[in-house]
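The values are calculated or read from the model by the stated rules, or taken from the named source; none is laboratory data. Treat the numbers as computed from the prediction; the structure is a model and nothing was measured. FYI the Cβ positions are ideal-geometry reconstructions off the backbone, even for glycines, and counts take in every protein chain you see. Accessible surface is based on the protein model in full, side chains and every heavy atom, while ligands, DNA and RNA are left aside. Shrake-Rupley method; radii C 1.70, N 1.55, O 1.52, S 1.80 Å.
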Amino acid sequence: MSAANINDVAKAAGVSLATVSRVVRGQDCVRRDTREKVLRAIDDLNYTPNALARQLRTQETKIVIVIVPDIKNAFFHEILFGIETEATKNGYQVLIADMHNEPTIEKHYFHAIQQRQVDGIISLSSNIAYELIEQVAEESPIIVACQYLKDSSVPNITIDNVAAAKTAVDHLLNMGHRNIAFLGGPMDSLLYQDRYQGYLSALKSRNLPVNPHLIADTEPSIMGGYDGMESLLALEPSVSAVFAAGDTMAIGAIKALKSSGRRVPEDCAVVGFDDIELSSIWEPTLTTIRQPKYQIGTQSFLKLLKLMRKEPLLHTQSVLPFELVIRESCGYRLFNPDK
């Protein structure tokens, strides 16, 4: 038996081809009883719309790509959930592209949108050259999320990473710590550059010198945090607190401190960044900066949707609020039991 086509559906439902097309596209200008007849005919005939034909007719694929620096990083999971939730509501499919922290992979997907293989891109990474981002954004719908693009016209959703990092380090300074280490990811990333600037800003505000032995760059992972913390302890055993620019690195740092015989937070306080799910159940629970991850995801897609529909954006840059979540790893509640 040959597959049913749109003509068969129209004949079975007793309506025009245009009416079937409107129902398939989800348009609201079809009466309820008519829509039900068409949907019943589609179900009875097991009709599947021809996606390729629709793409040729509308110049739309109904597909967007989300570029993720490293899918293993738990920080991105809630953002992806937010993106997929809004995409599904609006009839789009989401393809997730894992860069494996290789910027050249991002170039490949940018070229895919230029060739009209997808309708839009949400990049959760900004490691690629500004020039290419700007060039592609002039022609195609692109959103950069999680990382602030300074002096750029590319639509962007993020928090103020500099201010958030300064807030985390200020908290440690307010507790009396002075030998505060910075544990960051690759410094060719704008994200970690901003969080490092926040660390420096906090020290500068207290007229404290920058000790290079208290600064380590590592892989943004638990193992990277473990190795980075071991290096810091070897260079500066007097470190009394650590600000890690990501929760996975902070968790690795806690493991390394315990392995060296240090207690957290009694001997060394630790503060992370991102508030991934593991942060609230780790031992000790992790003090961290909370980002509105789900909101970053939903707003990223809705902003992209406006671009794909060629609607104007009221705000190109959207800076969302952050929150310092105080738990056990910084020792604040240990030494302030009434707080």
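When the accessible area of the chain is computed with all protein chains present and a 1.4 Å probe, what percentage of it is carbon and sulfur? Present the calculation step by step, with values, prior to reporting the outcome.
On the way: 8530 of 16700 Å².
Of the solvent-accessible surface of the chain, carbon and sulfur hold 51 percent.
With an a/c value of 1.5 or above and a/b not larger than b/c for the gyration tensor axes a ≥ b ≥ c computed over the alpha-carbon atoms, region 178-242 is described as oblate.
Can you flag which of 150/310; 150/204; 72/150; 37/293; 150/255 are past 31 Å Cα-Cα? Too far apart for the 31 Å limit: 37/293; 150/255. Counted residue by residue at 0.36 nm each, then reduced by the alpha carbon distance between them, the extension gain from residue 32 to residue 325 reaches 100.6 nm. One quarter of the convex hull surface built on the alpha carbon atoms of region 194-306 amounts to 8.3 nm², the projected area averaged over directions.
Taking amide H as placed 1.01 Å from N in the peptide plane, residue 241 has its amide H under 5 Å from the amide H of 181, 269, each at least 5 places away in sequence or on another chain. Relative to the dominant Cα principal axis of the chain, helix 161-174 is inclined by about 30°. Ordering 275-284, 174-183 by mean Cβ neighbour count within 10 Å, with the highest value first, yields 174-183, 275-284. Among beta bridges from DSSP that stay inside the chain, the antiparallel ones total about 10%.
Here residue 62 is the anchor, and the aspartates and glutamates within straight C-alpha reach of less than 16 Å, apart from those fewer than 8 places off in the same chain, are 84, 86, 119. The packing ranking of peptides 157-169, 240-252, 66-78, highest mean first, is 240-252, 157-169, 66-78, where packing means the average number of other beta carbon atoms within 10 angstrom of each residue. Across region 275-327, the convex hull enclosing all Cα atoms gives 59 Å³ per residue. With respect to the chain, whose longest principal axis is taken over its alpha-carbon atoms, helix 103-114 is tilted by about 20°. Rounded to the nearest 20, the size of the Cβ-charge dipole of the chain about its Cα centre is 1080 debye, with Lys and Arg at +1 and Asp and Glu at -1.
Inter-label distance, residue 313 to residue 88: 2.6 nm, where each label sits 7 Å from its Cα along the C-beta direction.
Accessible surface computed residue by residue for the chain, with neighbouring protein chains in place and a 1.4 Å probe, gives 49 Å² per residue.
Stretching residue 45 away from residue 213 to a fully extended chain increases their span by 53.4 nm, per 0.36 nm per residue minus the current alpha-carbon distance. Taken over region 217-274, the convex hull of the Cα atoms encloses 61 Å³ per residue.
When the P(r) is computed for the chain, the part past 26 Å accounts for 55% of the Cα-Cα pairs.
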